[in-house]
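Take a look at the structure set out below.
The values are calculated or read from the model by the stated rules, or taken from the named source; none is laboratory data. All values reported here derive from a predicted model rather than from experimental measurement. Methodologically, a virtual Cβ is constructed for each residue, glycine included, from the backbone with ideal geometry; neighbour enumeration extends over all protein chains shown. We work out accessible area using only protein heavy atoms, side chains counted, and drop any ligands, DNA or RNA first. Shrake-Rupley method; radii C 1.70, N 1.55, O 1.52, S 1.80 Å.
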Amino acid sequence: AVAGGSVELGCGAQGDPAPRVQWHKEHGDLPWGRHEVDQEHTLHLYAVMPADAGTYVCTAQSQLGTAAATARLHV
């Protein structure tokens, strides 16, 4: 990603019952005030900066179990 730009990280979690989806960043916090997660569980990062680089994890959890996927961001 280019510093100052926006990034979208998708997370295709589905099931019955619908899983609870959460995003977090390994070794840090999501950018405070510069992120949101939409209805499709996509993580939007705004005005990215070099400190935002790293691994982001999407975790889906339901009564049937837990699944996780990672995305690596380079700025």
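Just so you know, in segment 41-58 the residues that are exposed (fewer than 15 other Cβ atoms within 10 Å of the Cβ) and closer than 12 Å to VAL7 by Cα include one that is nearest to the chain's Cα centre (by Cα), and it is HIS44. Number of residues in segment 41-58 that are of a type outside the set (Ser, Thr, Tyr) and assigned to a loop (DSSP other than H, G, I, E, B) equals 5.
SER6 satisfies every condition listed in (1) on the phi > 0 side of the Ramachandran plot; (2) at pLDDT 95 or above; (3) surrounded by 11 or more Cβ atoms within 10 Å (Cβ to Cβ) except (1). The sole residue among GLN22, GLN14, GLN61 that is open to solvent by 80 Å² or more (accessible area, probe 1.4 Å) and either among the small types (Gly, Ala, Ser) or outside any strand (DSSP E or B) (or both) is GLN14.
Within segment 25-40, being assigned to a loop (DSSP other than H, G, I, E, B) and either charged (D, E, K, R) or open to solvent by 100 Å² or more (accessible area, probe 1.4 Å) (or both) holds for GLU26, HIS27, ASP29, TRP32, ARG34, ASP38, GLN39, GLU40.
For segment 1-29, the candidate set comprises residues that are touching a helix residue (DSSP H, G or I) at 6+ places or on another chain (Cβ under 9 Å) and free of Cβ contacts under 8 Å to residues at least 40 places away in the same chain; within that set, the residue that is farthest from HIS74 (Cα to Cα) is GLY28.
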